[in-house]
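Participant: Quick one: structure below, then a few questions.
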Amino acid sequence: MYLQSEINFLGRLSHPNLVKLLGYCWEDKELLLVYEFMAKGSLENHLFRSEFLLLIIFIILEISWINFLE
């Protein structure tokens, strides 16, 4: 099966910048992948937390203001 091959591949994949696949559960049509815990949070949390968004908005407004003054 294609899905089983992909799970086997992900289980053997190892890189310092990737989380490791620890296991999976496959019942009927439901698939659950279990990855290692990320102590510092996910990339999504770092990119989309409110402080980061406020910084991006501030930078965009500052660039707009500079362009307006020129």
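Participant: What would the Debye formula give as log10 I(q)/I(0) at q = 0.15, 0.27 Å⁻¹ for the alpha-carbon point model of the chain, no solvent?
Facilitator: -0.70, -1.16
Participant: Helix 2-12 sits at what angle to the longest principal axis of the chain, using alpha carbons and giving 0 to 90 degrees rounded to 10?
Facilitator: 70 degrees
Participant: Moving on. From the phi of every residue in the range 13-30, what ³J(HN,Hα) in whole Hz does the Karplus formula 6.51 cos²θ - 1.76 cosθ + 1.60 yield, where θ is phi - 60° and glycine or proline is x?
Facilitator: 5, 9, 7, x, 9, 10, 7, 8, 6, 8, x, 7, 10, 10, 10, 6, 9, 9
Participant: Expressed in nm to one decimal, what extension gain is obtained for the pair residue 55 and residue 14 from 0.36 nm per residue of sequence separation less their Cα-Cα distance?
Facilitator: Working: separation 41, 0.36 × 41 = 14.76 nm, distance 3.34 nm.
Answer, rounded to one decimal: 11.4 nm.
Participant: Counting helices only, and only those DSSP H runs with n ≥ 4, report the 222 nm mean residue ellipticity of the chain as the sum of -39,500 (n - 2.57) divided by its residues, in deg cm²/dmol to the nearest 500.
Facilitator: -16500 deg cm²/dmol
Participant: Follow-up question, since we're still on this one. Just in the chain: which chymotrypsin sites (Phe, Trp or Tyr not before Pro) are loop by DSSP and have at most 13 other Cβ atoms within 10 Å? Mind dumping the intermediate values first?
Facilitator: Details: sites: 2, 9, 24, 26, 35, 37, 48, 52, 58, 65, 68; in loops: 37.
Here the chymotrypsin sites (Phe, Trp or Tyr not before Pro) that fit, given the DSSP loop and packing criteria, are 37.
Participant: Turning to a different aspect of this structure: Can you send over the carbon and sulfur percentage of the accessible area for the chain, probe radius 1.4 Å, protein chains only?
Facilitator: Numbers: 4360 of 6690 Å².
Roughly 65 percent of what the probe reaches on the chain is carbon or sulfur.
Participant: Helix 50-69 against the longest principal axis of the chain: what's the angle in degrees, Cα atoms only, rounded to the nearest 10?
Facilitator: Here the helix axis deviates by roughly 40 degrees.
Participant: Further question: Can you list residues whose amide H is under 5 Å from residue 20's amide H, if they're 5+ apart or on another chain and H is modeled 1.01 Å from N?
Facilitator: Placed amide hydrogens put 36 under 5 Å from residue 20.
Participant: Mind checking the full-extension length gain between residue 2 and residue 42? Use 0.36 nm per residue of separation minus the Cα-Cα distance, one decimal, nm. Could you put the intermediate results ahead of the total?
Facilitator: Details: separation 40, 0.36 × 40 = 14.40 nm, distance 2.75 nm.
Working it through step by step, the gained length comes to 11.6 nm.
Participant: Moving to a separate point now. Counting other Cβ atoms within 10 Å of each Cβ, which GluC sites (Glu not before Pro) in the range 7-66 have at most 12 and sit in a DSSP loop? Spell out each step's value before the answer.
Facilitator: Working: sites: 27, 30, 36, 44, 51, 62; in loops: 36.
Sparse-neighbourhood loop GluC sites (Glu not before Pro): 36.
Participant: Now for a separate question. With a point put 7 Å past each Cα toward its Cβ, work out how far residue 25 is from residue 63 in nm, to one decimal.
Facilitator: Distance between label points: 4.4 nm.
The values are calculated or read from the model by the stated rules, or taken from the named source; none is laboratory data. Note that the structure is a prediction, hence the values are computed from the model and not measured. Using ideal geometry, Cβ is built from the backbone for each residue, glycine included, and neighbour counts are taken over all protein chains shown. These accessible areas exclude ligands, DNA and RNA; they are computed on the full protein's heavy atoms, side chains included. Shrake-Rupley method; radii C 1.70, N 1.55, O 1.52, S 1.80 Å.
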